[in-house]
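A.B. asks: Here it is, the structure in full.
The values are calculated or read from the model by the stated rules, or taken from the named source; none is laboratory data. None of these values were measured; they are calculated from a predicted model. We place every Cβ from the backbone using ideal geometry, glycine too, and count neighbours over all the protein chains shown. All accessible areas refer to the heavy atoms of the entire protein, side chains included, with ligands and DNA or RNA removed. Shrake-Rupley method; radii C 1.70, N 1.55, O 1.52, S 1.80 Å.
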Amino acid sequence: MNIILLGAPGSGKGTQAALLSEKFNLQHVSTGELCRKEVSKGTSLGMQLADIMKAGQLIPDALIMDILKQHIVETSKTSSGFIFDGFPRTVNQAKDLDHLLVDLKLSVTHVILINVDKDYIVSRLSARQSCAQCGHVYNDKTNPTKVSGVCDKCGSTKFIHRQDDNEEIILKRLDVYSTLTAPLIPYYQAMGKLHQIDGNTNVETVSMRIENLLNADKLNAKSVLL
Ligand code: AMP
């Protein structure tokens, strides 16, 4: 399976991708995370990326494809499938991804759109934080740590709030999503690959909805073969 998670910033793609990656043994590919890693290295590419990200804009397609390609080609030999989170974000990126996967004798199997209302997104993103040590993402409102202030995964007590998770930049990112990323919805619909999930609820319910959808699809595929 090679899955794309689509949805506005704050729709829960990162959290759901991490869960799916564990349950279905898929390689989680977050282009945002790849960019943040490059920024933390302090390279000149990293500084260029940081300026664009801070402004809530998209990294140019050619640049993000270079970053992604390097990562995918390295990991495709050992991985049993990918879950893409935050990629593609433009129709051009989607076309480039199709070509890249063909070269690797792979294809996109499912595109899952997580629909979340705009009001919910702004309050959700403002409450988002991640563990400074292992990067696990939490949300004070929808997905808190089990023990207040302590990471469930690694026990660290240091947390980071993303620079681009402030109201002004969130609104900018939502605007960019509507203009440049939402056209992916009809693009994948036309290919018959799009599935939609209501994401206006807690992490566990959304996760169960996605899992049910993927399991039902597996059963359908089996019955077609029989
Ligand atoms: P994310 O972690 O997915 O919310 O991404 C954070 C930021 O990284 C975005 O606001 C963009 O500036 C940049 N970014 C991540 N993925 C992409 C992509 N596929 N295309 C262009 N820019 C991206």
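A.B. asks: Kindly indicate which of Asp119, Asp217, Asp164, Asp152 is under 19 Å from Gly32 (Cβ atoms) and acidic (Asp, Glu).
C.D. replies: Working: Asp119 fails: under 19 Å from Gly32 (Cβ atoms); Asp217 fails: under 19 Å from Gly32 (Cβ atoms); Asp152 fails: under 19 Å from Gly32 (Cβ atoms).
After ruling out the rest, the residue left standing is Asp164.
A.B. asks: Still on this model: Since Ile72 meets every condition but one in (1) over 20 Å from Leu194 (Cβ atoms); (2) within 12 Å of the ligand (Cβ to nearest atom); (3) hydrophobic (A, V, I, L, M, F, W, C); (4) surrounded by 15 or more Cβ atoms within 10 Å (Cβ to Cβ), which condition does it not meet?
C.D. replies: It fails just one condition, (2).
A.B. asks: Right, another one. So is Val29 within 11 Å of the ligand (Cβ to nearest atom), of a type in the set (A, V, I, L, M) and in contact with a Gly (Cβ under 8 Å, 6 or more places away or on another chain) or not?
C.D. replies: The answer is no for Val29.
A.B. asks: Let me ask something additional. Out of Leu180, Leu174, Leu184, Leu113, report the one residue that is under 22 Å from Gln57 (Cα atoms), in contact with a helix residue (DSSP H, G or I) (Cβ under 9 Å, 6 or more places away or on another chain), open to solvent by 70 Å² or more (accessible area, probe 1.4 Å) and modelled with pLDDT of 90 or more.
C.D. replies: Details: Leu174 fails: open to solvent by 70 Å² or more (accessible area, probe 1.4 Å); Leu184 fails: open to solvent by 70 Å² or more (accessible area, probe 1.4 Å); Leu113 fails: open to solvent by 70 Å² or more (accessible area, probe 1.4 Å).
The conditions single out Leu180.
A.B. asks: Confirm whether Gly86 is within 12 Å of the ligand (Cβ to nearest atom), closer than 23 Å to Glu211 by Cα and open to solvent by less than 40 Å² (accessible area, probe 1.4 Å). Explain how you work it out, then say what you get.
C.D. replies: Details: within 12 Å of the ligand (Cβ to nearest atom): yes; closer than 23 Å to Glu211 by Cα: yes; open to solvent by less than 40 Å² (accessible area, probe 1.4 Å): yes.
Judged against the criteria, Gly86 is a match.
A.B. asks: While we're on this one: Which residues, taken from segment 38-59, are more than 6 Å from the ligand (Cβ to nearest atom) and under 15 Å from the mean Cα position of the chain (by Cα)?
C.D. replies: Result: no residue meets the conditions.
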